[in-house]
Structures are given as structure tokens and as C-alpha cells.
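Novice: Mind having a look at this structure? Questions to follow.
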Amino acid sequence: MSILSLGYLRLTTPDLDGWDRFATEVLGFMPAAGTGDGRRACRWDDHPYRLQLSAGEAADVSAIGWEVGDDRDLDTVVAQLETAGVRVTRGSDHDAAHRLVSGFASFVDPAGAPVEIFHGPILDHQPLVTPLVSGFVTGAMGFGHVVIGVPDFDESVGFYRDVLGFHLRDTWHPGGGMSMAFLSPSPRHHSLALGAGMPGPLLRHFMVEAATIDDVGYAQDRCLDAGVPVVMGLGRHTNDRMISFYCRTPDDFMVEFG
């Protein structure tokens, strides 16, 4: 297995100021130094960032970043993709510097999601400060998870299993043409969920895991106090046993805070 975990999410947004408030004052992330080019970034562990935001006319996904151990692992994944007929672009040193990584490659998955495989996050060694949250659960389990909508369920599931080596942890078929698959390359139950038959944008939500149930309750309280819509209140999933709630971001998709 070459891919270790979900590393980062890069988004474009027409509401950078709204995201600044939402990310720091509601979710409790730490603003990161960024790259000095107008991009905003957020930390919640020792990585230089987990979420990076750039100004854009419309909300969109710039990249879903998956971390590998080093440059040799990156070469291995690139070779697997190219053998499968996927067009892969090697990132330049300049572009890697903007991502605060040592190297990366990019491609588009079968659902049209922009994906980056990277290694060597460039640390700045500034101590993490998240006064609203006691801590976040990352480490070997990575960022958390992302959920994307896919037009062809079997094609996308097969791609992540057969080409990238993800484990299929479970599936859900509630009927009405809707199906979901939960996959991960890491110890986390799922780092990626693929949903078919679900109208909506490419990115449905991302999840972050806080250290305690108190952190989750306080975060929901902050949403309510700030007027951030809570789409689904506290509950527990049957597959990953996550106790969480869902709130709406400034760009209208959701964050699961668990």
C-alpha cells in the first residue's frame, strides 16, 4: 500500500471572509501561514495545513490530496495510474511550494474529481493552538473524510480499489437508485465515501474528528450561536460509530463534526 491517508482538501470559494470566520470561530481551526499569495489555510494538527482556500467566482474543489510516504511511493502510485490508462501530471517545484509539499502529481478520477498525490508536507514548527477544541484526531488516520457524488458507482469503486488499493469497508443501498461505498487506505473506517444517485455538487461534505464528545457538543452550540445552519443534529452512525452533527458551510455544502 503506497497511499497512507487523506492529506488535505483544497477549495475555491467566493466567500473567503465567511470561511475565515466559520473555520476559526465555529469549527475551531487554527489559521495557517499560507503561501503569501492570497490563499487562506487552516491547521488542526502538525501538518502545515489540512484545508486550503483560494478566491474564486464559484465554489469548487481544487484538489483532494492523498499522502504517500516519500518520492518513491509517489513514483509507485503514478506508475499504477499510468498502467491503468490515467493521464497523470507531475507537479513543478513551484506548484509544490504553493502546496507546502515536497512533491506531488495530479489527475482526475472517474467522477471528475481533481486528485493530488503528495509527499513530504513542509512543516513550519509553529505550535498548534486550537483554544475552542481540545484537539483533533488525525495521525495515521489522516485529515478525516470526504464524500463525493459519482455518476457511475461501480466504475468509481473499482478505480479506488483496483488502481489505488483502497479497502472497501462497507456499502449502503437504501433504494431509489441511491448507493454509497465507504473506502479507506488508512485505519480510519472511511476516508472517502462515494455516493451515486444523489443529486448535488461534487463535494457533499467533509468530516473532521475532534478528541472528545464535549468538543462536538460545544461546536454545535457555536453553530447555533453564530446562526450557522445545523442540518442534522447530534447522532451516531452505525458503520463508523461516529457521534457527530452536520452544519452548512459558507459555500452551502456540509461539514460533519464528530
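The values are calculated or read from the model by the stated rules, or taken from the named source; none is laboratory data. Note that the structure is a prediction, hence the values are computed from the model and not measured. Glycine also receives a Cβ, built like all others from the backbone with ideal geometry; neighbour counts cover every protein chain displayed. Heads up: the accessible areas ignore ligands, DNA and RNA and are worked out on the full protein's heavy atoms, side chains in. Shrake-Rupley method; radii C 1.70, N 1.55, O 1.52, S 1.80 Å.
Novice: Would region 2-18 turn up any residue that is assigned to a strand (DSSP E or B) and more than 30 Å from D154 (Cα to Cα)?
Specialist: Scanning region 2-18, I find at least one residue that is assigned to a strand (DSSP E or B) and more than 30 Å from D154 (Cα to Cα), so the answer is yes.
Novice: Which residues, taken from region 69-91, are open to solvent by 50 Å² or more (accessible area, probe 1.4 Å) and in a loop (DSSP other than H, G, I, E, B)?
Specialist: D70, A84, G85, R87
Novice: Every residue in region 99-148 that is part of a strand (DSSP E or B) and open to solvent by 60 Å² or more (accessible area, probe 1.4 Å), please.
Specialist: Answer for region 99-148, where residues must be part of a strand (DSSP E or B) and open to solvent by 60 Å² or more (accessible area, probe 1.4 Å): S102, V108.
Novice: Still on this structure, please answer the following. Could you say whether any residue in region 167-185 is outside any strand (DSSP E or B), surrounded by fewer than 19 Cβ atoms within 10 Å (Cβ to Cβ), out of contact with any strand residue (DSSP E or B) (no Cβ under 8 Å at 6 or more places or on another chain) and at pLDDT 95 or above?
Specialist: Checking region 167-185: not a single residue is outside any strand (DSSP E or B), surrounded by fewer than 19 Cβ atoms within 10 Å (Cβ to Cβ), out of contact with any strand residue (DSSP E or B) (no Cβ under 8 Å at 6 or more places or on another chain) and at pLDDT 95 or above.
Novice: Would you check if H190 is closer than 23 Å to A84 by Cβ and touching a helix residue (DSSP H, G or I) at 6+ places or on another chain (Cβ under 9 Å)?
Specialist: Here the answer is no, as H190 does not meet what is asked.
Novice: Quick check on region 33-68: of everything there that is part of a loop (DSSP other than H, G, I, E, B) and without any contact (Cβ under 8 Å) to a residue 40 or more places away in the chain, which residue is least open to solvent (accessible area, probe 1.4 Å)?
Specialist: G34
Novice: Just the residues that are in a loop (DSSP other than H, G, I, E, B), open to solvent by 50 Å² or more (accessible area, probe 1.4 Å) and either at pLDDT 95 or above or closer than 23 Å to L132 by Cβ (or both), please, taken from region 193-240.
Specialist: A211, T212, G227, P229
Novice: Can you find even one residue in region 1-21 that is within 14 Å of the chain's Cα centre (by Cα), among the hydrophobic types (A, V, I, L, M, F, W, C) and open to solvent by 20 Å² or more (accessible area, probe 1.4 Å)?
Specialist: Scanning region 1-21, I find at least one residue that is within 14 Å of the chain's Cα centre (by Cα), among the hydrophobic types (A, V, I, L, M, F, W, C) and open to solvent by 20 Å² or more (accessible area, probe 1.4 Å), so the answer is yes.
Novice: Right, something else. Only residues in region 91-105 that are closer than 11 Å to D71 by Cβ and free of Cβ contacts under 8 Å to residues at least 12 places away in the same chain count as the first member; pair them with residues that are acidic (D, E) and buried (at least 20 other Cβ atoms within 10 Å of the Cβ), Cβ under 7 angstrom, at least 6 apart or cross-chain, and list the lot.
Specialist: Close Cβ pairs satisfying both conditions: none exist.
Each row is one residue, and each column tells you yes or no for (1) on the phi < 0 side of the Ramachandran plot; (2) of a type in the set (A, V, I, L, M, F, W, C); (3) in contact (Cβ under 8 Å) with a residue 60 or more places away in the chain.
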| position | (1), (2), (3) |
| --- | --- |
| H167 | yes, no, no |
| H173 | yes, no, no |
| A181 | yes, yes, no |
| S191 | yes, no, yes |
| L194 | yes, yes, yes |
| G197 | no, no, no |
| D221 | yes, no, no |
